[in-house]
Amino acid sequence: MDMKIDGDRLLKTLDTLKTYTDTPGAGVTRFSYGRQDVRARKYILERVKAAGCSVCIDPVQNIRISPSFGPAGGKSVMAGSHIDSVRNGGWLDGIYGVCGALEVMETLSEAVAKDPSLKDRFTANYEMVIFAEEEGSLFGSCMTGSKFISGIYDEKDPDLLKNDEGLSMRQILEGLKDLPEEDRQVYDTGGSLAGDLTWDLASVRTMIELHIEQGPVLDREGLSLGIVDSIFGMRVVEVEFSGVGNHAGATPMRERRDALTAAASAILLVEDMAKSDGEHRSVATCGKIEVFPGCSNVIPEKVRFTVEVRDRDEKKIDDLMDRIIDRIHALAQERHISCVVTEHSRSSPLHLSRRVITSMETRAREAGIPFKVMDSGAVHDACMIARHCDTGMIFVPSIDGRSHVPQEDTHPRDLIAGAQFLMDTILAEMS
Ligand code: HGY
Ligand code: MN
Ligand code: MN
């Protein structure tokens, strides 16, 4: 069975959603539960309701959208991704997968409206999913919404997850109740964060996440499609260095216990240790740093920074991170700086469904699409869903391999081709 998506409609949808940002002209900043999140949710939910879908929003604000194109109560095939972004991020990360899933839904809906007998030919329904707080921009933990869906997070976590101002996830979700009525519609403000927050995924036959690659491989090799076979794991720790604050002018260099120069040495150490990984696949990043008091004429007393290690092998992640932590403690001691390292979050590396990968490979080969089976250094909500059902991921090239920055971009022809491949894959899985 073939169905052609409407590529122009897909591009128009993406162009509209790109405008829902707190930093117009400087990339996309669309944090969960914020103003732009409301706008994006409103726009998407209006479209799915117009197509006759039912919408279920859970207490963490993940959205499950169930049209009905197949046998009632049967299995379903799911597609989706996230709509939140990093600060000053790109216009495609996450939202492209949601728009691809929306395009599939509208194409299916139009086809079934034209020929209702199609429904009898499906052996499964189609569902869309929008995961909340995938980027971890609020609480520092990637895939937060899907960690609740899959049971990695449970009812205690809304009080443990806190933003930089110390507000808990629970407090932020409570705050949604104060939104104007017309905005509250896009959230579940009545749900309880107590009890079971997981989704019943037993009815899901397959989940497919369409996403930009966010790395250089496809673009460099001139390929238009990536079929993901494994997703890196990650482990994040937070390091707090405490030295002695003092006057920047009157304190002799030899008498200083500067928390920031110590952190600078530690961060360079992290880079050196990750670079020395023989297979050159481990990556380590110190992406966030806070300096106290942060005045130019005060020797920094306290510094907090994150260390994130990723690899496709969990043992390598822990081995490298454990060695980094040991070396950071030793460096702090040499500099008479006190050091506290706190585990922040982690997710395990994961292999996606061999059945789905093989079926997508066959489809790509038959269609003559230049593709590559590849791993993903970026993590995705698909990691969490893959624990519960056959899961696959489709990548399209990122121009110059850039992502999580305003320069993030993909050729329109690749955006359309990726969504068409999603359509073909969903149809195959529904038949
Ligand atoms: O960090 C990641 O890999 C994802 O973009 N949240
Ligand atoms: Mn993403
Ligand atoms: Mn991202």
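Rule-based calculations on the coordinates, nothing more; no lab input. The model shown is predicted, which means the values in this text are computed figures rather than measured ones. Note that each Cβ is placed from the backbone with ideal geometry, even for glycine, and that neighbours are counted across all protein chains shown.
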Arg323 versus Glu181: modelled label distance in nm, points set 7 Å from Cα along the beta carbon direction: 6.2 nm
Going by a ≥ b ≥ c, the root eigenvalues of the Cα gyration tensor, does segment 164-275 fall in the rounded group (a/c under 1.5), the prolate group (a/b larger than b/c) or the oblate group? oblate
Under a GNM of the chain (C-alpha, springs under 10 Å), which listed residue has the highest mean-square fluctuation: Ala264, Ala40, Ala284? Ala264
By the C-alpha gyration tensor axes a ≥ b ≥ c (rounded if a/c is under 1.5, else prolate when a/b exceeds b/c, else oblate), the shape of segment 113-230 is oblate
For each of Met3, Met393, count neighbouring Cβ atoms within 10 Å of the residue's Cβ, then give the residues from fewest to most. Met3, Met393
List the pairs from Lys12/Lys42; Lys162/Lys288; Lys49/Lys177; Lys18/Lys42; Lys18/Lys162 whose alpha-carbon separation is above 21 Å, in the order I gave them. Lys49/Lys177; Lys18/Lys162
When the charge dipole of the chain is computed with +1 on Lys and Arg Cβ and -1 on Asp and Glu Cβ about the Cα centre, the Cα farthest towards its positive end, among Gly401, Ala202, His388, belongs to Gly401
Filter the cross-link list Lys4/Lys119; Lys275/Lys316; Lys75/Lys372 down to pairs whose alpha-carbon distance in this structure exceeds 22 Å. Lys75/Lys372
Rounded to one decimal in nm, the spacing of the 7 Å Cα→Cβ label points at Thr285 and Thr16 is 3.1 nm
So what's segment 194-348 giving for Cα Rg divided by 2.2 N^0.38 Å, two decimals? 1.37
Treating the angle as unsigned and between 0 and 90°, give the value, to the nearest 10°, between the Cα long axis of helix 95-114 and the longest Cα principal axis of the chain. 10 degrees
Excluding exposed DSSP-loop trypsin sites (Lys or Arg not before Pro) (at most 10 other C-beta within 10 Å), longest clean stretch of the chain: 157-431
Identify which of Pro180, Pro24, Pro370 has the largest mean-square fluctuation in a Gaussian network model of the chain, with springs joining Cα atoms closer than 10 Å. Pro180
Stretch gain in nm, segment His351-Gln407, where the contour uses 0.36 nm per residue and the Cα spacing is subtracted: 17.2 nm
Overall form of segment 1-155 per C-alpha gyration tensor (a/c, 1.5; a/b vs b/c): oblate
Taking the dipole of segment 1-128 about the Cα centre (Lys, Arg +1; Asp, Glu -1; charges at Cβ), the one of Val38, Ala72, Tyr96 that reaches farthest to the positive side is Val38
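Let me have the relative contact order for the chain, percent, based on Cα pairs under 8 Å that are six or more residues apart. Spell out each step's value before the answer.
Numbers: 939 pairs, mean separation 98.8, N = 431.
Here the relative contact order equals 23 percent.
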Nearest-20 debye value, segment 103-207 charge dipole, Cβ charges on Lys, Arg, Asp, Glu: 400 debye
Mean residue ellipticity (222 nm) of the chain, computed from DSSP H runs ≥ 4 via -39,500 (n - 2.57), nearest 500: -10500 deg cm²/dmol
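Average the reciprocal distances over every distinct pair of alpha-carbons in the chain, invert the result, and give the Kirkwood radius in Å.
After inverting the pairwise mean of 1/r, the radius is 22.8 Å.
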With +1 at each Lys and Arg Cβ and -1 at each Asp and Glu Cβ, the charge dipole magnitude of the chain around its Cα centre, to the nearest 20 debye, comes out at 180 debye
